[in-house]
Amino acid sequence: MKPEILAPAGNLEKLKAAINFGADAVYLGGSKLNLRAFADNFSNEQLKEGIDFAHSKDKKVYVTLNVFPHNEDLDGIEDYLKELYEIGADAIIVSDPGIIMTAREVVPNLEIHLSTQSNNVNYKSAIFWHKQGVKRIVLARELSLQEIIEIRSKLPETCELEAFVHGSMCMAYSGRCLMSNYMTGRDANRGQCAQPCRYKYFLMEEKRDGEYFPILEDDKGTYIMNSKDLCMIEHIPELMKSGIASFKIEGRMKSSYYVASVCKSYREAVDAYVADPENYKLQQKWMDNLLKPSHRHFYTGFYFGDPNKQIFESSSYIRNYDIVGIVQEYNDENNTALIEQRNKVYQDDIVEVLRPVGDNILITLNDMKNSKGENIASAPSAQMLFTVNTKEKLRPNDILIKSKENE
C-alpha cells in the first residue's frame with residue numbers, strides 16, 4: 001500500500017501549493033472548532049473553492065474540528081457539519097466524543113478521523129474508536145515505531161493509521177496543554193495557543209527576589225521546553241514497512257514555501273521507494289529542500305527514543321532562504337516570466353526555482369519590469385506583479401527562493 005502524503009493548508013494558496021507539489025490530501029480549519037484560531041482558516045466559500053480544486057486533481061480535503069469544545073462552542077454544530085458534508089469535505093478530524101456522536105447522527109456518511117489530540121497510544125483504544133465509527137486514528141506523537149507496528153498488527157484492516165512525520169513538536173502530551181491558558185488566558189485546547197513553551201525562562205531562588213539565574217551557565221537564559229522539529233525523511237523505508245496509511249506534515253501556520261518544499265521532498269522519497277525498494281537511497285536534495293525554509297533543528301521525535309529533544313540556546317527558527325515570488329505564467333515567444341512578489345527582490349539577483357516536478361535550477365532575474373512595462377531595480381511591494389527575462393522555461397506555480405547569504 002502506498003501511503004498518503006497529508007499536508008497542512010492554512011489558506012487557499014497553501015492548499016494549492018501542497019497539492020501542486022505532491023500532497024495526496026490536505027487538512028485545514030474551517031470557520032468553527034479548529035485548533036488554529038490564528039491561521040487564516042477558510043470561510044465556507046473558500047472551503048468549497050479549495051475542495052473543488054483538490055477534487056479536480058483527484059486529491060482529498062480533511063476539515064479539522066479538533067478543539068475540546070465548551071457548551072457555547074457547540075452552538076450550530078449540526079448545521080456546520082451538514083454544510084461540510086454538502087460542499088464535499090472528504091473527512092473531519094475530531095477529538096471530542098460529543099462531536100463524533102453528533103456527526104454520526106446528522107452526517108452518517110461523512111468520514112471521521114480521530115485527532116492526535118485524543119492521544120491514542122494503544123490498540124484497544126484504537127479499536128474502541130473504530131467501533132464508534134472512526135475510520136482513521138491519528139496516532140499520538142509519543143509512540144515509538146515499534147509500538148506503531150504492534151498497534152497496526154492488532155487492528156482490523158478497515159481501521160487506518162495516520163502519523164506525523166515532519167514539523168513542529170509540542171511539549172504537552174499530544175498537544176493537550178494548559179500553560180497558555182494559565183499564563184495568557186489563551187486556551188490552546190480551543191485554538192489560541194500563545195506557545196509559552198518557546199519563552200525564555202530563568203530560575204529565581206525564593207529569598208533572592210529579582211536575582212535571576214540561568215539554568216544553563218550562560219547569559220541567554222534557557223529554553224527548557226523548546227522542542228526540536230520532527231523530520232523522518234531519513235527513515236522512509238522504516239515508515240513504509242510500518243503499515244501507516246498516511247504520512248502527516250505539521251504546519252498550518254507555516255508559509256506556502258514551507259508546504260511546497262516539504263511536500264516535494266516526501267513525495268519524491270515515497271515515490272522512489274515504491275518504484276524500487278531494494279535499491280532505494282536517500283537523496284541529499286530532499287534534505288536540502290527541507291533545510292532551506294524556516295525550521296528548528298531536526299530530530300526523530302519518539303520513533304527511535306531519541307534522547308536529545310530540546311533546543312536550549314534559542315527559540316528562533318533557522319531560516320536560510322526566503323520565498324521571493326511565485327510564477328504566474330511564462331511567455332515562450334519572448335522568454336518572459338510573470339511573477340507575483342512575496343519578498344523584496346532585486347534586478348540581477350540569482351534565485352533558485354523550486355518546481356513541482358524536476359530538480360531545482362538557478363536563474364538570474366534579468367530585465368525586470370513592473371506591470372506597466374517600466375524597468376525597475378527591485379520589486380519592493382507585497383504581491384506586486386513583475387516580469388523578468390529568462391531562457392529557462394518557467395512554469396506556473398514554480399516558486400522562486402533566494403539565499404539569505406546573498407542579501
* Asked: If Lys and Arg each add +1 and Asp and Glu each add -1, what is the summed charge of the other residues whose beta carbon sits under 10 Å from the beta carbon of VAL138?
  -> +1
* segment 318-407 shape via C-alpha gyration tensor axes, a/c threshold 1.5 -> oblate
* Place the peptides 144-156, 258-270 in order of packing, highest mean first, counting for every residue the other Cβ atoms within 10 Å and averaging per peptide. => 258-270, 144-156
* Cα-centre dipole for segment 19-176 with unit charges at Cβ (Lys and Arg positive, Asp and Glu negative), debye to 20 -> 560 debye
* Structure fact -> Sorted by chain and number, the residues with a modelled amide H under 5 Å from that of GLY29, at a separation of 5 or more or across chains, are PHE42, THR64
* **Around GLU160: net Lys/Arg minus Asp/Glu count, Cβ-Cβ under 15 Å** => +2
* Net dipole in debye of the chain [+1 Lys, Arg Cβ; -1 Asp, Glu Cβ; about Cα centre; nearest 20] -> 340 debye
* Asked: For GLY325, which sequence-distant residues (separation of 5 or more, or a different chain) have an amide H within less than 5 Å of its own amide H, given hydrogens modelled in the peptide plane?
  -> ARG342, ASN343, LEU400
* Asked: Using the Karplus equation 6.51 cos²θ - 1.76 cosθ + 1.60 (θ = phi - 60°), what ³J(HN,Hα) coupling, rounded to whole Hz, does each residue of segment 114-122 give in order, writing x for Gly and Pro?
  -> 7, 5, 4, 4, 7, 6, 7, 10, 8
* Structure fact -> Residue-normalised value, i.e. accessible area per residue, for the chain at 1.4 Å probe, in Å², stands at 47 Å²
* Asked: For the chain, what is the percent of antiparallel DSSP beta bridges, rounded to the nearest 5?
  -> 55 percent
* Asked: Would you list MET253, MET1, MET384 from the most to the least accessible area, probe 1.4 Å?
  -> MET1, MET253, MET384
* Asked: Ignoring ligands and nucleic acids, what accessible area does LEU47 show with a 1.4 Å probe (Å², nearest 10)?
  -> 0 Å²
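The values are calculated or read from the model by the stated rules, or taken from the named source; none is laboratory data. The shown structure was predicted, so the numbers you read here are calculated from the model rather than taken from an experiment. Quick reminder, even Gly has a Cβ in these numbers, built from the backbone with ideal geometry, and neighbours come from all protein chains shown. Just so you know, the surface numbers come from the protein's heavy atoms only, side chains and all, with ligands and any DNA or RNA stripped out. Shrake-Rupley method; radii C 1.70, N 1.55, O 1.52, S 1.80 Å.
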